[in-house]
1. Has segment 437-457 got at least one residue that is within 16 Å of the ligand (Cβ to nearest atom) and in contact (Cβ under 8 Å) with a residue 24 or more places away in the chain?
2. Just wondering, is there one or more residues in segment 80-100 that are touching a Gly at 6+ places or on another chain (Cβ under 9 Å) and either among the small types (Gly, Ala, Ser) or more than 30 Å from Phe269 (Cα to Cα) (or both)?
3. Scan segment 392-399 and tell me whether some residue there is farther than 15 Å from Ala337 by Cα, of a type in the set (Ser, Thr, Tyr) and surrounded by fewer than 19 Cβ atoms within 10 Å (Cβ to Cβ).
4. What single numbered condition from (1) buried (at least 21 other Cβ atoms within 10 Å of the Cβ); (2) closer than 21 Å to Arg331 by Cα; (3) not β-branched (Val, Ile, Thr) fails to hold for Ala377?
5. So, in segment 199-213, of the ones that are touching a Phe, Trp or Tyr at 6+ places or on another chain (Cβ under 6 Å) and either within 15 Å of the ligand (Cβ to nearest atom) or of a type in the set (A, V, I, L, M) (or both), which residue ends up nearest to Arg469 (Cα to Cα)?
6. Take the residues in segment 99-158 that are aliphatic (A, V, I, L, M) and within 19 Å of Asn80 (Cα to Cα), then tell me which one is farthest from the ligand (Cβ to nearest atom).
7. I'd like to check something: does segment 336-349 contain any residue that is assigned by TED's automatic domain parsing to the domain that holds His470, among the hydroxyl-bearing types (Ser, Thr, Tyr) and within 27 Å of the chain's Cα centre (by Cα)?
8. Out of all the residues in segment 464-485, is one or more within 16 Å of the ligand (Cβ to nearest atom), among the β-branched types (Val, Ile, Thr) and assigned by TED's automatic domain parsing to the domain that holds Ala351?
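The values are calculated or read from the model by the stated rules, or taken from the named source; none is laboratory data. Just so it is clear, the model here is predicted, and its values are computed rather than measured. Neighbour counts are summed over all protein chains in view; Cβ atoms, including those assigned to glycine, are modelled from backbone coordinates with ideal geometry.
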Amino acid sequence: MSAVADHLHRTSSSTPVHPSASSAKATPLRTGAEYLRSLDDGRAVYVDGERVRNVTTHPAFARAAQSAAKLYDIAADPANRERMTYTSPTTGAPVLRAYQIPRSHADLRAKRLASEMWSEATFGLMGRTPDHVSGFFAGFAAVPEVFAAGGKHYAENVVNFYEHARENHLWTTYAIVPPQIDRAKPGHQQSDPTLYAGVVKETDGGIYVSGAQQLATAGVFSDYLYLSCIHPLQPGDENYAIGVAMPMNAEGLRLYPRRPFAQHVDNTFDHPLSSRFDESDCFVVLDNVFIPWEKVFIYRNLEVCRDQWWKTPSHSYGNLQAQARYATKLRFMIGLAKRMNELTGNDGVPAVQVQMGELAALVATVEAMLEAQETRAVIDANGVVWPDKPTLYAVMAMQSENNPRMIEIIRELTGAAMISMPSSLKDLDSPETASDMARYMASGKAGARERIALMRMAWDFIGSEFGNRHAQYEKFYGGASFIVKTNMYRNYDFKRATSLVDAALDLPA
Ligand SMILES: Cc1cc2nc3c(=O)[nH]c(=O)nc-3n(C[C@H](O)[C@H](O)[C@H](O)COP(=O)(O)OP(=O)(O)OC[C@H]3O[C@@H](n4cnc5c(N)ncnc54)[C@H](O)[C@@H]3O)c2cc1C
């Protein structure tokens with residue numbers, strides 16, 4: 001049996017544990033503390049022109065690293081065993097559900113519920129948690145034939161990496177979009193063809209990659225980077241048509257996070273979200289990074305580079321997680337709006353309830369579309385469950401328009417509530433200002449501290465630099481909206497629609 005066929009056999013739900021499972025070595029679930037220790041690995045992260053010594057202690061990243069570590073503690077907690085893990089087909093030990101290749105609708109639902117539990121721990125504010133790209137790799141491993149089209153060993157490599165990541169509970173992020181240097185020309189016609197990340201040298205042991213790629217969200221906190229390309233490539237662009245994995249501390253890999261929001265924050269009260277949940281978005285530079293052949297899954301192959309996203313369920317699994325996370329964030333958002341109305345005393349105003357009704361309708365639509373991806377999922381010839389694509393792309397396509405609308409409703413409802421707050425926590429505590437604060441910052445429903453805490457949180461969510469980064473994230477994390485709408489176009493059943501028109505045209509006179 002080939003490694004690929006063997007893998008498919010092993011991941012079948014009818015044979016959950018491979019007969020040789022006892023010989024395979026299980027790695028206990030990773031704890032938050034183990035995860036944090038692993039981040040101190042010499043990775044090259046640059047902030048303000050300086051190399052960060054250790055991301056777990058640097059003020060820009062330390063609290064977010066703690067938030068990420070909590071995810072591993074949640075998964076390792078025996079009380080969450082069923083929700084967060086499933087049985088490894090190779091060892092029989094618990095591994096993260098994020099890596100599960102669903103074989104039934106119940107499996108798919110279980111994956112979503114695991115993502116939901118993690119997203120609740122971050123209020124949906126960290127998008128690229130370890131269950132995002134693991135979903136892509138589960139999708140790759142579910143249809144390794146796509147990679148075998150470039151050579152059987154590439155399929156074996158991707159399956160082996162998937163299994164390695166699954167068995168060791170790893171966190172992979174990805175950079176799959178070329179940098180915006182000159183979009184008027186393809187990669188190979190840039191002023192220097194090594195500007196976009198691609199192969200620059202091949203040896204018996206592996207390949208070397210150089211150039212830049214955007215935008216590895218959570219790269220600072222991950223174990224591995226998957227470097228590939230989702231943008232359309234054309235003949236001549238073969239050097240960029242690759243799919244390779246590298247550890248975050250690979251020599252020559254440099255991460256340039258955008259301006260970190262937590263760096264100059266001195267307390268969590270005034271910046272409750274940006275201080276804890278800034279996952280960072282990293283511009284990636286590769287300077288002759290060596291990739292051994294076993295970590296090469298796609299090599300100079302335009303078709304496979306494209307097909308990995310669309311002919312496997314990778315994009316659907318990864319974005320099912322993204323939607324589970326988004327639905328959680330929207331519940332948090334509407335909860336914030338409701339609490340603000342309560343504190344300002346507007347909650348009972350009929351016009352406010354109409355606005356909140358519109359907000360709730362948009363949130364409920366996302367929630368229902370998430371479940372529809374499961375209930376309308378299809379099972380392929382290998383018994384692998386694919387979430388429903390039209391549903392996924394419909395909700396993603398509307399996200400770039402509905403998200404700003406939702407934020408707009410909240411801005412409208414809250415007036416100056418988020419702005420008429422004192423400068424910082426110090427105003428609450430200073431003997432000179434405390435009595436004014438207690439007298440004028442309180443509301444009918446809450447004391448000053450409680451009211452300021454809520455309004456600070458709302459501002460961090462909507463108005464701060466962190467909040468605005470989120471607005472950009474929700475617009476672009478799944479690609480520019482014209483691309484998402486093109487995905488929708490490719491997946492909608494237009495035949496059924498046009499046949500109705502044809503039938504109407506054929507009505508007897
Ligand atoms: C906060 C954030 C986090 C991200 N995280 C990740 C990540 O983790 N990993 C990753 O790989 N990428 C990530 N991305 C990158 C994301 O995938 C890209 O931003 C996205 O694919 C859009 O590409 P672009 O930014 O190059 O925009 P472009 O492709 O340059 O498009 C920008 C705009 O130009 C217009 N436009 C351009 N071309 C056309 C066209 N042909 N037709 C119509 N209009 C057009 C549209 O208005 C479009 O919105 C992230 C982006 C953001 C903002």
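1. No, because not a single residue in segment 437-457 is within 16 Å of the ligand (Cβ to nearest atom) and in contact (Cβ under 8 Å) with a residue 24 or more places away in the chain.
2. Checked against the condition, which is being touching a Gly at 6+ places or on another chain (Cβ under 9 Å) and either among the small types (Gly, Ala, Ser) or more than 30 Å from Phe269 (Cα to Cα) (or both), segment 80-100 yields at least one hit.
3. Checked against the condition, which is being farther than 15 Å from Ala337 by Cα, of a type in the set (Ser, Thr, Tyr) and surrounded by fewer than 19 Cβ atoms within 10 Å (Cβ to Cβ), segment 392-399 yields no hits at all.
4. Of (1) buried (at least 21 other Cβ atoms within 10 Å of the Cβ); (2) closer than 21 Å to Arg331 by Cα; (3) not β-branched (Val, Ile, Thr), only one is false for Ala377: (2).
5. Gly211
6. Across segment 99-158, the extreme among qualifying residues is Ala106.
7. no
8. yes
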